[in-house]
1. For the list (1) within 13 Å of the chain's Cα centre (by Cα); (2) at pLDDT below 95; (3) in a strand (DSSP E or B), I need the number of the one condition that Gly138 fails.
2. Between residues in the stretch 70-82 that are of a type in the set (S, T, N, Q) and residues that are surrounded by fewer than 16 Cβ atoms within 10 Å (Cβ to Cβ) and modelled with pLDDT of 60 or more, which pairs lie under 9 Å by C-beta distance while being six or more apart or on different chains?
3. Based on what the data block shows, is Pro69 modelled with pLDDT of 95 or more and either buried (at least 19 other Cβ atoms within 10 Å of the Cβ) or closer than 19 Å to Gly39 by Cβ (or both)?
4. Consider only pairs whose beta carbons are under 7 Å apart and that are at least six residues apart or on different chains; among these, list those whose first residue lies in the stretch 140-152 and is more than 16 Å from Met38 (Cα to Cα) and whose second residue is of a type outside the set (Val, Ile, Thr) and in a helix (DSSP H, G or I).
5. Looking at Gly126, is it surrounded by 14 or more Cβ atoms within 10 Å (Cβ to Cβ), among the small types (Gly, Ala, Ser) and either in a helix (DSSP H, G or I) or touching a Pro at 6+ places or on another chain (Cβ under 6 Å) (or both)?
6. Got a number for residues in the stretch 88-102 being modelled with pLDDT of 60 or more and outside any strand (DSSP E or B)?
7. Ile17: part of a loop (DSSP other than H, G, I, E, B) and among the hydrophobic types (A, V, I, L, M, F, W, C), yes or no?
Amino acid sequence: MEANSVETAILNQQDKIPVSEAMRDMIREVVEVCWRVMGRQGTPEVSIVLCDNQQIRELNRDYRGKDEPTDVLSFPQEELGAGEDALPPMPALPDVPVVLGDVVISLERAREQAEAYGHSFEREVGYLLTHGLLHLLGFDHNSEEERSRMREKEEEILAEVNLIR
């Protein structure tokens, strides 16, 4: 593996929407670009779980107390305090991966939202993935300032992988 590449495990746990090799390539590219744009060092590991509305509803209920499907959930390896960066600056150890956590995306919800927003399914999955990854890296949207900062980074990353509206 090349230096600073990202180890991305893509787990398709649903059978309602086909996941092509092109979709898997796009997912890997978004993860790589997100890591680079954020100026991170080292070799990160992240798991991307693709699921259906029922599975994400169960996760949302069990972990957030909301008994309804959602589009994306992030499960960081390390719990963060408000405004705390997931990866404080430190020298990267070349052979020790940085385990970020998991991003879970409902492909059913992504398809519904893509249709509602009038853009491609790929763009919606890319957006949800970017949003989830930024949560793993310490971003949040609890205030207007945080929301604006996060949105700016999302658009920068999506533009770089040509997933614009």
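1. Condition (3) is where Gly138 drops out.
2. Close Cβ pairs (under 9 Å, with a partner that is surrounded by fewer than 16 Cβ atoms within 10 Å (Cβ to Cβ) and modelled with pLDDT of 60 or more) amount to Thr70/Arg64; Gln77/Glu45; Gln77/Val99.
3. Details: modelled with pLDDT of 95 or more: yes; either buried (at least 19 other Cβ atoms within 10 Å of the Cβ) or closer than 19 Å to Gly39 by Cβ (or both): yes.
So Pro69 passes the test.
4. Sorted first by the residue in the stretch 140-152, then by its partner, the pairs are His141/Arg147; His141/Met150.
5. yes
6. Total meeting the criteria: 4.
7. Details: part of a loop (DSSP other than H, G, I, E, B): yes; among the hydrophobic types (A, V, I, L, M, F, W, C): yes.
Criteria met by Ile17.
Each row is one residue, and each column tells you yes or no for (1) without any contact (Cβ under 8 Å) to a residue 24 or more places away in the chain; (2) crowded, with 17+ Cβ neighbours inside 10 Å; (3) within 14 Å of the chain's Cα centre (by Cα).
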| position | (1), (2), (3) |
| --- | --- |
| Thr8 | no, yes, yes |
| Cys34 | no, yes, yes |
| Val49 | no, yes, yes |
| Ile56 | no, yes, no |
| Asn60 | yes, yes, no |
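The values are calculated or read from the model by the stated rules, or taken from the named source; none is laboratory data. Predicted model only: the values in this text are computed from it and were never measured. Neighbour counts are summed over all protein chains in view; Cβ atoms, including those assigned to glycine, are modelled from backbone coordinates with ideal geometry.
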